[in-house]
Amino acid sequence: MILFKLINNFSVKEFIEFEKFILSPFYNSSERIIKLFYFLKKFYPSISDENLVLNKIYEKVFPDKKFDDSNYRKLISDFNKIIEKFLVQKQLEKNSYIKNILLSESLKESGDKEVFNKLSAKMLNDLNEKFNKDSAFYYTRLQLENDIYYTNFDSYKPGIPKILIQKSQDIDLLFSFLKLNSFSEVLTIDKAIGRDSDFDFSFFDSISVFISKNLKDIKKNHPNLYVIYLRVMLYKDKSPDSVIKELINYLKSKVSKFSKEQLNFYYSYASSFYWEKYSAGNLEVMKDIYNIYDKMIKSDSLILYKKVFESDFHSLVLTGLYLGKYTWLENIIYKYGSYLDKDIRKDVINLSLARLYFRKKDFEKAISLASKVKNLNAKYYVNVNFIIAKSFFELGDFNSIEYILDNLNHYKKRNKQVNKDLSDSINVFVYYMSRLIKYYSSKDKNSVDEIKIMLKKETRFIPDKKWLLEKIN
């Protein structure tokens, strides 16, 4: 019954449309489906397994009838099919490309060449007016050109028809677009794992030559292809800094024409490039990252598929904290936190606010907020305890810190979710925090000099290194 719960995700408008869909004789002729819908309607938008009790559903749909498993299974199967049909219909209404392909096929099969030629020519003209040209665009235009060619096959004069030249160009464009997307995905993974794969990039040179020869036309008339080309060139070009500037300027010049979803992906290409530089130690790029997020906020492209992803949210928080843009960050947390997945929403918001209030030196509030984080997977547990320990340090409560450090050591040993990187982070944090407490307790200058020397020699990642250095100095 997994599709049943999809209904919970329908907006109120979509739910009303679904009801009309079920009541339409064109899409549904079963009274039983209608009865089941009204049974479920009472629980929308919180339909759960508790509501989907077999006997209650059967009594509602088949009153005064003895339970029959085959009837019940058919009812559930038919209802699932209605949901599928509705979802497909919604996509058809939104996707003009699919409609054009299906309409072209229907017109071709009708056998009326005159009607087909008039309508297919109009469809091609309408397509060519579109700004966004992705793989679906090229595939649709290619299908239309194919249908036009074969419908009029016996009418062409000797020589190569113009439609075949257009078809060949669209094959090149579609191939280039798909291949560059594939290259982009592989290069992103290669960068993440820190090594080159054995992936075959043999077509890259020929695609680069094709784009270079047609650069003016592609930049003007094929913006999506140009953006994905720039994305790949961020990894392949010897001067990536000039490529990133071109990408950002190009997006700026076309910001009103790209869809919000596309802008989300395209700005993410730029932010990923700068995050890689940040991870390599170039901290100056934080300003560039902030500028990209600011563009996404102003273009309303931060939300993708009605949600903000947890990793993106944490990146926003890190950016605001690093640059000290606390008012900006607090607005971000409250405005975009509501778009996080329901299961993690409260915890991510509380953890983010705890980090923010720690930076604002409201340590008691930071402890209170961090203590509200309940979904304590390993990463959250460690981050929450780091914040609380640092807050207790700022408040001078060293006894509470020792208790936390002891808990972290025990947690690391007994919890299987703690991987090597997280274990190393705990070890480093416990080690330096213990020595910091020792220094502040004794005011022994030798111990602080010892910490400074160790920090300089340290090759491992040091959580909150900036804060540690501030406390030492």
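Please treat every number below as a calculation from the coordinates, not as lab data. If you're wondering where the values come from, they're calculated on a predicted model, not measured in any experiment. Counting neighbours? That spans all protein chains shown, and the Cβs are built from the backbone with ideal geometry, glycine included.
Please report the relative contact order for the stretch 316-473, taking Cα pairs under 8 Å with a sequence separation of at least 6, and give it as a percent rounded to a whole number. Kindly include the intermediate steps, with their values, before the conclusion.
Values: 130 pairs, mean separation 21.5, N = 158.
Reported relative contact order: 14 percent.
Around residue 230, with a cut-off of 11 angstrom between Cβ atoms, what is the net charge of the other residues, counting Lys and Arg +1 and Asp and Glu -1?
+2
Helix 260-279 versus the longest principal axis of the chain: what is the Cα-based angle in degrees, 0 to 90, to the nearest 10?
Once rounded, one gets 30 degrees.
Between residue 31 and residue 54, what's the calculated FRET efficiency when r is the beta-carbon distance and R0 is 25 Å? Round to 0.05.
Efficiency, from the Cβ-Cβ distance: 0.80.
Once each part is reduced to its C-alpha centroid, what is the distance from the stretch 395-473 to the stretch 137-187 in angstrom?
Value for the Cα centre distance between the two parts: 62 Å.
Which angle from 0 to 90°, rounded to the nearest 10, does the C-alpha axis of helix 113-128 make with the longest principal axis of the chain?
Its long axis makes an angle of about 20 degrees.
Compute the whole-percent fraction of alpha carbon pairs in the stretch 28-180 spaced more than 21 Å apart. Don't skip to the end; give the middle numbers.
Numbers: 7161 of 11628 pairs.
Tail of the P(r) past 21 Å holds 62 percent of the pairs.
With bins 5 Å wide starting at 0, give me the P(r) of the stretch 97-236 over every alpha carbon pair, in whole percents.
2, 9, 17, 18, 15, 12, 10, 7, 5, 2, 1, 0
Over the alpha carbons of the chain, what is the largest minus smallest coordinate on each principal axis, giving the biggest first in Å?
96, 75, 40
Return the FRET efficiency for the residue pair residue 242, residue 72: r is the Cβ-Cβ distance, R0 is 51 Å, and the value is rounded to the nearest 0.05.
Values: r = 65 Å, r/R0 = 1.27.
The calculated FRET efficiency here is 0.20.
To the nearest 10 degrees, how steeply does helix 223-236 sit against the main Cα axis of the chain, on a 0 to 90 scale?
Rounded to the nearest ten degrees, it is 40.
Can you list which of the trypsin sites (Lys or Arg not before Pro) found in the stretch 232-273 are DSSP loop residues with at most 13 other C-beta atoms within 10 Å?
For trypsin sites (Lys or Arg not before Pro) across the stretch 232-273 that sit outside H, G, I, E and B with at most 13 neighbouring Cβ atoms in 10 Å, the list reads 238, 257.
Report the full-extension gain for the segment residue 311 to residue 216: residue separation times 0.36 nm, less the Cα-Cα distance, to one decimal in nm. Show your work: numbers first, answer last.
Values: separation 95, 0.36 × 95 = 34.20 nm, distance 3.66 nm.
So the chain would gain 30.5 nm between residue 311 and residue 216.
Can you tell me how much longer the chain between residue 209 and residue 38 gets when fully stretched, taken as 0.36 nm per residue apart minus their C-alpha distance, in nm with one decimal?
Fully extending the segment from residue 209 to residue 38 adds 55.6 nm.
What is the gain in length, in nm to one decimal, between residue 64 and residue 334 on full extension, counting 0.36 nm per residue of separation less the C-alpha to C-alpha distance?
Stretched out fully, the residue 64 to residue 334 stretch lengthens by 92.0 nm.
What is the dipole size for the stretch 376-473, taken about its Cα centre, with +1 at each Lys and Arg Cβ and -1 at each Asp and Glu Cβ, in debye to the nearest 20?
In debye, rounded to 20, the stretch 376-473 gives about 340.
Quick one: check the C-alpha center-to-center distance for the stretch 49-112 versus the stretch 281-305, whole angstrom.
The distance from the Cα centre of the stretch 49-112 to that of the stretch 281-305 comes to 42 Å.
Computed over the Cα atoms of the stretch 376-473, what is the ratio Rg over Rh, Rh following Kirkwood?
When Rh is taken as the Kirkwood radius, the ratio is 0.96.
How much mean residue ellipticity at 222 nm does the chain get from its helices, if each DSSP H run of length 4 or more adds -39500 (n - 2.57) and you divide by all residues, to the nearest 500 deg cm²/dmol?
Calculated from helices alone, the mean residue ellipticity at 222 nm is -24000 deg cm²/dmol.
Under a plain spin-label model, where a point goes 7 Å from the Cα along Cα-to-Cβ, how far apart in nm are residue 322 and residue 379?
Between residue 322 and residue 379, the label points sit 1.7 nm apart.
At a Förster distance of 60 Å, what's the computed FRET efficiency of residue 99 paired with residue 365, Cβ-Cβ distance as r, to 0.05?
Working: r = 55 Å, r/R0 = 0.91.
Computed FRET efficiency for residue 99 and residue 365 comes out at 0.65.
What's the center-to-center distance, using Cα atoms, between the stretch 206-247 and the stretch 328-366 in Å?
If we compute the Cα centre of each part, the gap is 38 Å.
What number does the stretch 4-94 give for Rg over Rh if you use C-alpha atoms and the Kirkwood radius?
Taking Rh as the inverse mean 1/r over Cα pairs, Rg/Rh reads 0.96.
Normalised by the number of residues in the chain, what is the relative contact order in percent for Cα pairs under 8 Å and 6+ residues apart?
RCO, the chain: 6 percent.
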